[in-house]
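Visitor: My questions will all concern the structure given below.
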């Protein structure tokens, strides 16, 4: 059985004070929930506050990105060791907004995965197609390329330590959610890619999350699909009550 990962990506929202206020409500709300990993990825400036606010709980904290060098003259960047030093344990890599606005490529995704693993962080590696790619029937072509060039260069040992997140770009922040059947088809394809590269056992073990306008009222249907192993939630993770209901699907 694959343990579900219910992850929240706060994007560019919340100050440290707002972060502490969130966890005052959220931690008690999920304290009795078992059988899943709970992860929240706030902005970098909130990491220390989030780690402190969740100490002793089952909630784990992650970064939203990292640079592939450990240190150096890279103004505005943050390294894996810096994230790990806060007590955070996870990091999101290759989010569609990083690809769309900040020049992320499959090659830089791979470099960031390696850097995250070297820092002892657990990577959540994002893949997904844009609306025009889906409408032109190129979903599997796009996902296949992102898997091959961003993930498949990992060794089997490295691959075993990552989580994949399928995020159809057309469903992120748009209110459009892939139907459970559409999401399941993409997840099944990605698992097939993993099997072709790493074998049946590794493919059966890798966890693939769904992200894209996830809300409390659609989580159960998504999580009922065979190949969906959790969610990567944007806007609905900003409210402690909303995200607690998603976690408790």
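Visitor: Give the residues of the stretch 186-203 that are free of Cβ contacts under 8 Å to residues at least 24 places away in the same chain and within 21 Å of residue 223 (Cβ to Cβ), sorted by residue number.
Guide: Those that are free of Cβ contacts under 8 Å to residues at least 24 places away in the same chain and within 21 Å of residue 223 (Cβ to Cβ): 192, 203.
Visitor: Then there is this: Out of all the residues in the stretch 20-44, which are farther than 17 Å from residue 249 by Cα and within 19 Å of the chain's Cα centre (by Cα)?
Guide: Of everything in the stretch 20-44, those that are farther than 17 Å from residue 249 by Cα and within 19 Å of the chain's Cα centre (by Cα) turn out to be 41, 42, 43, 44.
Visitor: Against the definition (in contact (Cβ under 8 Å) with a residue 12 or more places away in the chain, touching a strand residue (DSSP E or B) at 6+ places or on another chain (Cβ under 6 Å) and either crowded, with 20+ Cβ neighbours inside 10 Å or within 23 Å of residue 186 (Cβ to Cβ) (or both)), how does residue 131 come out, yes or no?
Guide: No; evaluated as a whole, the condition is false for this residue.
Visitor: From (1) under 25 Å from residue 217 (Cα atoms); (2) modelled with pLDDT under 95; (3) not in a loop (DSSP other than H, G, I, E, B), pick out the condition that doesn't hold for residue 133.
Guide: That leaves (1) as the condition not met.
Visitor: Of everything in the stretch 5-20, what is in a loop (DSSP other than H, G, I, E, B), out of contact with any helix residue (DSSP H, G or I) (no Cβ under 7 Å at 6 or more places or on another chain) and within 21 Å of residue 219 (Cα to Cα)? Give them in sequence order.
Guide: 11
Visitor: Can you report the number of residues in the stretch 192-211 which are within 18 Å of the chain's Cα centre (by Cα), in a helix (DSSP H, G or I) and buried (at least 20 other Cβ atoms within 10 Å of the Cβ)?
Guide: Qualifying residue count, the stretch 192-211: 1.
Visitor: For the stretch 164-185, what are the residues that are in a strand (DSSP E or B) and either closer than 19 Å to residue 133 by Cα or touching a residue at least 60 places away in the same chain (Cβ under 8 Å) (or both)?
Guide: Of everything in the stretch 164-185, those that are in a strand (DSSP E or B) and either closer than 19 Å to residue 133 by Cα or touching a residue at least 60 places away in the same chain (Cβ under 8 Å) (or both) turn out to be 165, 166.
Visitor: Which number in (1) crowded, with 22+ Cβ neighbours inside 10 Å; (2) free of Cβ contacts under 8 Å to residues at least 60 places away in the same chain; (3) within 15 Å of the chain's Cα centre (by Cα) marks the one condition that residue 161 misses?
Guide: (1)
Visitor: Out of all the residues in the stretch 213-245, which are in contact with a strand residue (DSSP E or B) (Cβ under 6 Å, 6 or more places away or on another chain), in contact (Cβ under 8 Å) with a residue 60 or more places away in the chain and either under 22 Å from residue 22 (Cβ atoms) or in a helix (DSSP H, G or I) (or both)?
Guide: 230, 231, 232, 233, 234, 237, 243
Visitor: So which residues in the stretch 124-156 are farther than 15 Å from residue 233 by Cα and out of contact with any helix residue (DSSP H, G or I) (no Cβ under 9 Å at 6 or more places or on another chain), if there are any at all?
Guide: The answer is 136, 137, 155.
Visitor: Picking from 203, 221, which residue would you name as being touching a helix residue (DSSP H, G or I) at 6+ places or on another chain (Cβ under 7 Å), at pLDDT 95 or above and within 23 Å of residue 91 (Cα to Cα)?
Guide: Just a single option satisfies the conditions, and that option is 203.
Visitor: Has the stretch 3-17 got at least one residue that is loosely packed, with under 14 Cβ neighbours inside 10 Å, closer than 24 Å to residue 125 by Cα and in contact (Cβ under 8 Å) with a residue 60 or more places away in the chain?
Guide: Yes, that holds for at least one residue.
Visitor: Considering each of 233, 214 in turn, give the residue that is surrounded by 17 or more Cβ atoms within 10 Å (Cβ to Cβ), modelled with pLDDT under 95 and under 23 Å from residue 50 (Cα atoms).
Guide: Step by step, each of 233, 214 is checked, and only 214 is surrounded by 17 or more Cβ atoms within 10 Å (Cβ to Cβ), modelled with pLDDT under 95 and under 23 Å from residue 50 (Cα atoms).
Visitor: Here is a follow-up. Would you mind telling me which numbered condition in (1) more than 21 Å from residue 215 (Cα to Cα); (2) modelled with pLDDT of 95 or more; (3) out of contact with any helix residue (DSSP H, G or I) (no Cβ under 7 Å at 6 or more places or on another chain) residue 91 fails?
Guide: (3)
The values are calculated or read from the model by the stated rules, or taken from the named source; none is laboratory data. The shown structure was predicted, so the numbers you read here are calculated from the model rather than taken from an experiment. Cβ coordinates were reconstructed from backbone atoms using ideal geometry, including for glycine residues, and neighbour counts include every protein chain displayed.
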